[in-house]
Amino acid sequence: QVQLVESGGGLVQAGGTLKLSCAASGRTSSLYVRGWFRQAPGKEREFVAAISWNAGRKSYADSVKGRFTISRDAGKNTVYLQMNSLKPEDTAVYYCAAREGSLLAVDTQRYDYWGQGTQVTVSS
């Protein structure tokens, strides 16, 4: 059993920053990749970033490269998403995800566990 809980969402003005957290509990030793996805109203859920737990390899969507940074804290079993230079188009529900495979997958179907989501709203 695995549980993922996101936190840190909120309202921020364009150009601002926000940092999301995702704490994992349960049988976390099987989670080799952790990631972030987002979903805006009327749109498909899309990949944002992923990180391998042991080696720390990272992957980012083109839309967030240079602005967002994914990181991990093994001691806290937590993954973070630092979001800088936020734009109104970043507004979405952000979901934490995890998978048991080693690939830094961008496909939602490849992830095995999901958090409940946290709302990020960027105003202009």
First check a/c for region 1-61, with a ≥ b ≥ c the square roots of the eigenvalues of its C-alpha gyration tensor; if it is under 1.5, answer rounded, and if not, answer prolate when a/b is larger than b/c or oblate otherwise.
prolate
Qualifying trypsin sites (Lys or Arg not before Pro) for region 58-124 [loop in DSSP, other Cβ within 10 Å: at most 16]:
Lys65, Arg67
Roughly how many debye, to the nearest 20, is the charge dipole of region 30-124 about its Cα centre, given +1 on each Lys and Arg Cβ, -1 on each Asp and Glu Cβ, and no other charges?
220
Net charge near Phe37 (other residues with Cβ under 12 Å of its Cβ; Lys, Arg +1; Asp, Glu -1) is +2
Please report, as a whole percent, how much of the solvent-accessible surface of the chain comes from carbon and sulfur atoms (probe radius 1.4 Å).
45
Fraction of beta bridges assigned by DSSP in the chain that are antiparallel (%, nearest 5)
90
Loop sites in region 1-64: GluC sites (Glu not before Pro), DSSP, at most 15 other Cβ within 10 Å
Glu44
Can you put Leu18, Leu103 in order of accessible area, largest first, using a 1.4 Å probe?
Leu103, Leu18
Two pseudo-spin positions, 7 Å from Cα along C-beta at Ser85 and at Ser71, lie apart in nanometres by 1.9
Can you find, among Asn54, Cys22, Trp114, the residue farthest towards the positive end of the dipole of the chain? Put +1 on the C-beta of Lys and Arg, -1 on that of Asp and Glu.
Asn54
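The values are calculated or read from the model by the stated rules, or taken from the named source; none is laboratory data. Here the structure is a predicted model, which is why all the values come from computation and not from measurement. Neighbour counts are summed over all protein chains in view; Cβ atoms, including those assigned to glycine, are modelled from backbone coordinates with ideal geometry. Ligands, DNA and RNA are stripped out before the accessible areas are found, and what is left, the full protein with its side chains, is counted by its heavy atoms. Shrake-Rupley method; radii C 1.70, N 1.55, O 1.52, S 1.80 Å.
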